[in-house]
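What follows is a single structure, written as C-alpha cells, with notes after it.
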Amino acid sequence: MYINNYQNVQIGVDYYPEHWDESLWEADIKLMKETGVKVVRVAEFAWSRLEPSEGDYQLDWLDRAIDLFHKYGLQVVIGTPTATPPRWLTTKFPDVLPIFADGTIFHPGVRGHRCYNSQSLREYGGRITQVLGQHYSAHPAVIGWQTDNEFSMIDCHCPNCNEAFRKWVKDKYECLETVNREWGTVVWSGEYSDWTELTVPMGGSPHQNPSFLLDFQRFQWDAVVAFQKSQIDILRSTCPEHFITHNFHSYPQRLDMYSVGAELDVAAFDYYPNTSPLKQETSPYSGALSLDLTRGIKRQNFWIMEQLSGSPGCWMPMWRAPYPGFIRAYAWQTIARGADTVVHFRWRSAVAGAEQYWHGLIDHSNVPGRRFAEFSQLCSEVNALGDRLKGTTLKNEVAILHSHEQLAALRIQPQAEGMDYYENMKQYHRAITKLGMGCDVMDWRQSLEGYKVIIAPSLYLLDEETARRLEDFATAGGTLIITNRSGVKNINNICVMQPLPGLLSHAAGVQVDEYDPIGNEAHVVLDGDGTSYECSQWCDLLTPTTAEPIAWYGDDFYAGIPAVTVNVFGEGEVYYLGTHVEESYWSALLGTLAEKHKLMNFAGLPDGVQASIRTGENGTFLFLLNLNRKPQIIPLPREYNSLLNDTMHSGQLKLEPYGVEILEM
C-alpha cells in the first residue's frame with residue numbers, strides 16, 4: 001500500500017547538493033522553506049559520488065543533505081542514478097555503453113550513456129538501487145523515487161542487444177517460418193534460414209523491411225520496461241510506502257510511454273515551454289497537448305518533475321528570458337491540466353558542466369532576482385489554495401487517441417511531404433483548446449467509456465479488436481472522427497488487400513477509390529454552405545456507401561468528389577476526413593459537435609487564452625490563463641468568485657500579459 005503523498009498540490013525544486021559547497025546547503029534549504037517550497041528532487045545524476053568505486057557506497061553526504069531537508073520540513077524524492085553510469089563502471093564493463101549502427105560508441109561525458117540490455121548495468125544498477133532503497137526506506141523526509149532520468153530510444157546495436165532482440169523475436173513468433181511470413185521477408189530475398197542471420201538493423205540502407213523495423217522499436221520499448229521493472233521491484237520490496245514515478249520528456253516521444261508508465265504510481269513530465277515571442281502563437285497550445293498527453297499516461301493527475309525557471313541553453317543558443325509572469329502562468333497551466341506537484345528546474349544555475357546556461361531560479365550571481373520573486377508569489381498562491389485543489393481533476397467528454405505504433409510506422413515510411421502524425425494531432429487539439437473544451441489524450445487501446453466524441457487520427461495500423469471497439473463506441477451513441485491513412489496495414493506493418501479505410505469501411509460508410517499524396521501543395525475543400533477551406537498533405541477520393549458527403553474537393557481532377565463524409569452508425573455517427581483540412585474547418589466541425597452534444601466549453605476565448613476545469617469533492621474550479629504578452633478581455637457568462645483574491649467577477653474579465661485567474665464555479 002502506497003501513501004498518497006504524491007497527490008498534494010504543491011511546488012518543489014530540483015537541487016544538487018553534490019554540486020555545491022556544503023556550507024551553502026543550509027542557507028539554500030532555509031530559503032526554500034521561507035519561499036514555500038514543499039518537495040525537492042535529488043541525486044538522479046550522482047552515482048559517482050554515491051559509489052566512487054565498486055562497492056564503496058558513500059551516502060554520508062546525501063544523509064546530511066536529506067537530514068537538512070527534514071529539519072526544515074521539506075519532502076524528498078530520490079532519483080535512481082542509472083542515467084549516468086560512473087567511469088569506473090564503464091571502464092571495467094564496456095558493455096554498459098551503447099553502440100550505434102555505424103559502430104561508434106556512446107561514450108561517457110554527458111548522460112544517457114547506458115544500454116538497457118547490458119547485464120553489467122542491470123547488476124550494478126540494481127545494487128545501487130538496493131542500497132539506496134534500504135538506506136532511505138525509513139527516512140521521514142523521503143516520500144518517493146524517480147526511476148533513472150528521461151528514458152528515450154537509444155537504438156543500441158551492441159552484442160547484448162543483438163542477442164536480446166533475437167530472443168525477443170523468437171518469443172513472439174516461435175519459428176522462422178512465422179517470422180518470414182509476418183514480416184514479408186520474401187521481398188528482396190530477405191528470408192531467414194537460420195536464427196543467427198536475424199540481427200538488429202546494423203546500419204546500411206535506412207529503407208529496410210518496415211515490419212522488421214517496427215518490431216525493432218517494439219523490442220526497445222520492452223527493453224526499457226524490463227530495465228525499469230528491475231528497479232521498481234527492488235523499490236517496492238525495500239520501500240513499500242513510497243511512490244514511484246518517472247520523468248518523461250520531449251514529445252513526440254518515440255518511446256512507448258504507456259508501457260513504461262504502466263508500473264508507475266504517477267507519471268511525471270519535464271516541461272520547458274518556449275520563451276520566444278515568435279513562438280507564443282503555437283507554444284501554449286503545444287504545451288497544453290503535452291500536459292494532456294502526460295495526464296493520459298496513467299489517466300490520472302501527474303507531476304511536473306522539471307519546470308522552466310529561466311532561459312534554457314546548453315546544446316543550443318540560449319532562449320529569451322522568461323517575460324514577467326511567464327514562470328507563474330505556465331506553472332499554473334500545468335496545474336490547470338492536472339499536475340499536482342510542480343518541481344522547478346533548478347534551484348540555482350550550475351556553475352560547471354554542460355548545463356551551465358540552463359538557468360535556474362537563482363542566477364550564477366547567487367542573488368535572487370525577478371524570476372525568484374515571481375516563483376515566491378507562485379509558491380504562496382499554490383500553498384494557499386492547495387487544500388481546496390487537492391483531489392480535483394479533469395473530467396472531459398472529448399478524447400484524442402494517441403499511438404506510439406502509428407507514430408513509429410508512419411516515420412518508417414513517410415506518406416507525403418509535410419504529413420506528420422503528431423503535428424496533425426497538434427492541430428486537432430489546438431482547435432479543441434481554442435474552443436474552451438477539455439480533451440483527454442490517451443493510448444489508442446484504452447477504454448472509450450464515458451466519452452461523447454473520439455478523434456482517432458490516422459489509424460494506419462489496425463486490428464479487428466480496435467475496429468470493433470470503435471464500432472461499439474459509435475453504435476452506443478458516440479461520435480467518432482477518423483482521418484485519412486486509416487486501416488492501411490495490419491498490426492505487423494503489412495498492407496491489407498481491401499479497399500480503404502479497411503476494417504473501418506463499414507463504420508465510416510465510405511470507400512477510398514483513389515488517393516493523391518499532395519504533400520505541401522494547397523488544395524481546396526468546399527463545405528455544404530459553399531465555404532472554402534485549404535487542405536494539404538493527402539486527398540482520399542471518396543465514394544460513400546451509406547455515408548453522406550458534407551464537404552467536397554474544389555479543384556484538380558477530383559473537383560466535386562467527396563472529401564469529408566458522415567455516416568449514421570447505430571445510435572451514433574462516424575465522420576471520415578479524407579484530407580488534412582485547415583484548423584478553421586476543425587473549429588467549425590467541433591463547434592457544431594459541442595452544441596449538438598452539449599459538451600462543456602468556454603466560449604469567446606481570445607487567442608492565447610486557455611480555460612480548464614478541475615473538479616472534485618472540494619468544488620469545481622475554472623482556470624483562465626493568458627499565455628501571451630498582450631492583455632486580453634474574456635467574456636464571463638455569469639458571476640464568479642476568485643480563489644486568488646476572493647473578489648467577484650462578472651461581465652468581462654481583463655487578464656494582463658501572462659495573467660491567471662481561478663474562479664469557483
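The values are calculated or read from the model by the stated rules, or taken from the named source; none is laboratory data. Since the model is a prediction, treat every value here as computed from it, not as a measurement. Glycine also receives a Cβ, built like all others from the backbone with ideal geometry; neighbour counts cover every protein chain displayed. Protein only, heavy atoms only, side chains kept; ligands, DNA and RNA dropped before computing areas. Shrake-Rupley method; radii C 1.70, N 1.55, O 1.52, S 1.80 Å.
Per-structure values
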| item | result |
| --- | --- |
| Single match in Ala321, Ala354, Ala350, Ala339 (criterion: under 30 Å from Glu449 (Cα atoms) and hydrophobic (A, V, I, L, M, F, W, C)) | Ala339 |
| Residues (under 30 Å from Gly109 (Cβ atoms), modelled with pLDDT of 95 or more, among the small types (Gly, Ala, Ser) and surrounded by fewer than 16 Cβ atoms within 10 Å (Cβ to Cβ)) located in region 354-384 | Ser365 |
| Candidates Pro637, Pro562, Pro657, Pro606, filtered to the one that is loosely packed, with under 15 Cβ neighbours inside 10 Å and out of contact with any His (no Cβ under 8 Å at 6 or more places or on another chain) | Pro637 |
| Breaking point among (1) open to solvent by 50 Å² or more (accessible area, probe 1.4 Å); (2) within 23 Å of Ala350 (Cβ to Cβ); (3) of a type in the set (Ser, Thr, Tyr), for Tyr16 | (1) |
| Options Cys495, Cys535, Cys539; residue that is of a type outside the set (S, T, N, Q), under 29 Å from Gln217 (Cα atoms) and touching a strand residue (DSSP E or B) at 6+ places or on another chain (Cβ under 6 Å) | Cys495 |
| Among (1) open to solvent by less than 30 Å² (accessible area, probe 1.4 Å); (2) assigned to a loop (DSSP other than H, G, I, E, B); (3) of a type outside the set (Ser, Thr, Tyr); (4) in contact with an Asp or Glu (Cβ under 9 Å, 6 or more places away or on another chain) - the single one Ala350 does not satisfy | (4) |
| Qualifying position, being in a strand (DSSP E or B), within 24 Å of the chain's Cα centre (by Cα) and at negative phi, among Leu653, Leu624 | Leu624 |
| Positions within region 33-55 being among the polar types (S, T, N, Q) and surrounded by fewer than 17 Cβ atoms within 10 Å (Cβ to Cβ), in sequence order | Ser53 |
| Residues being open to solvent by 50 Å² or more (accessible area, probe 1.4 Å), over 18 Å from Val37 (Cβ atoms) and part of a helix (DSSP H, G or I) - total across region 56-87 | 3 |
| Top-ranked residue of region 101-118 - restricted to ones that are among the hydrophobic types (A, V, I, L, M, F, W, C) and at pLDDT 95 or above, ranked as surrounded by the most Cβ atoms within 10 Å (Cβ to Cβ) | Cys115 |
| Candidate set: region 588-616, residues that are polar (S, T, N, Q) and modelled with pLDDT of 95 or more; chosen: the one farthest from Ile455 (Cα to Cα) | Thr615 |
| Gln146 vs. criteria under 26 Å from Tyr6 (Cβ atoms) and open to solvent by 50 Å² or more (accessible area, probe 1.4 Å) | no |
| The listed residue being under 19 Å from Asn492 (Cα atoms), open to solvent by 40 Å² or more (accessible area, probe 1.4 Å) and touching a residue at least 12 places away in the same chain (Cβ under 8 Å), out of Lys229, Lys167, Lys172 | Lys172 |
| Criterion (of a type in the set (D, E, K, R) and touching a residue at least 24 places away in the same chain (Cβ under 8 Å)) met by exactly one of Asp60, Asp56, Asp21, Asp102 | Asp102 |
| All positions within region 268-306 that are open to solvent by 30 Å² or more (accessible area, probe 1.4 Å) and part of a loop (DSSP other than H, G, I, E, B) | Tyr272, Asn274, Glu281, Thr282, Arg299, Gln300 |
| Members of region 535-559 that are part of a strand (DSSP E or B) and open to solvent by 20 Å² or more (accessible area, probe 1.4 Å) | Ser536, Thr543, Pro544, Glu548, Pro549, Ile550, Trp552 |
| Among (1) under 31 Å from the mean Cα position of the chain (by Cα); (2) aliphatic (A, V, I, L, M); (3) under 25 Å from Ser587 (Cβ atoms), the one test that Ala467 misses | (3) |
| Leu121 vs. criteria surrounded by 15 or more Cβ atoms within 10 Å (Cβ to Cβ), in a helix (DSSP H, G or I) and touching a Lys or Arg at 6+ places or on another chain (Cβ under 6 Å) | yes |
| Top-ranked residue in region 464-505 [being out of contact with any helix residue (DSSP H, G or I) (no Cβ under 8 Å at 6 or more places or on another chain) and in a loop (DSSP other than H, G, I, E, B); ranked as most open to solvent (accessible area, probe 1.4 Å)] | Met497 |
| Residue satisfying all of: in region 187-198; hydroxyl-bearing (Ser, Thr, Tyr) and in a loop (DSSP other than H, G, I, E, B); most open to solvent (accessible area, probe 1.4 Å) among these | Ser193 |
| Of all residues in region 623-634 being open to solvent by 20 Å² or more (accessible area, probe 1.4 Å) and free of Cβ contacts under 8 Å to residues at least 40 places away in the same chain, the one that is farthest from Leu389 (Cα to Cα) | Lys630 |
| Residue within region 260-267 that is crowded, with 19+ Cβ neighbours inside 10 Å, in contact (Cβ under 8 Å) with a residue 24 or more places away in the chain, in a helix (DSSP H, G or I) and touching a Leu at 6+ places or on another chain (Cβ under 9 Å) present | no |
| Every residue from region 307-339 that is open to solvent by 10 Å² or more (accessible area, probe 1.4 Å) and either over 16 Å from Ser283 (Cα atoms) or part of a helix (DSSP H, G or I) (or both) | Cys314, Trp315, Met316, Pro317, Met318, Pro324, Arg328 |
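Residue-wise test of (1) under 15 Å from the mean Cα position of the chain (by Cα); (2) acidic (Asp, Glu); (3) more than 18 Å from Pro252 (Cα to Cα).
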{"position": "Leu289", "(1), (2), (3)": "yes, no, no"}
{"position": "Ile297", "(1), (2), (3)": "yes, no, no"}
{"position": "Trp303", "(1), (2), (3)": "yes, no, yes"}
{"position": "Ser309", "(1), (2), (3)": "no, no, yes"}
{"position": "Pro312", "(1), (2), (3)": "no, no, yes"}
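Table: residues versus (1) open to solvent by 40 Å² or more (accessible area, probe 1.4 Å); (2) more than 30 Å from Gln415 (Cβ to Cβ); (3) among the small types (Gly, Ala, Ser); (4) touching a helix residue (DSSP H, G or I) at 6+ places or on another chain (Cβ under 6 Å).
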{"position": "Thr579", "(1), (2), (3), (4)": "no, no, no, no"}
{"position": "Leu589", "(1), (2), (3), (4)": "no, no, no, no"}
{"position": "Asn601", "(1), (2), (3), (4)": "yes, yes, no, yes"}
{"position": "Ser612", "(1), (2), (3), (4)": "no, yes, yes, yes"}
{"position": "Thr615", "(1), (2), (3), (4)": "no, yes, no, no"}
{"position": "Phe621", "(1), (2), (3), (4)": "no, yes, no, no"}
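Let's see how each residue does on (1) assigned to a loop (DSSP other than H, G, I, E, B); (2) within 23 Å of Ser259 (Cα to Cα); (3) out of contact with any helix residue (DSSP H, G or I) (no Cβ under 6 Å at 6 or more places or on another chain):
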site	(1), (2), (3)
Thr185	yes, no, yes
Val200	yes, yes, no
Gln217	no, yes, no
Asp233	no, yes, yes
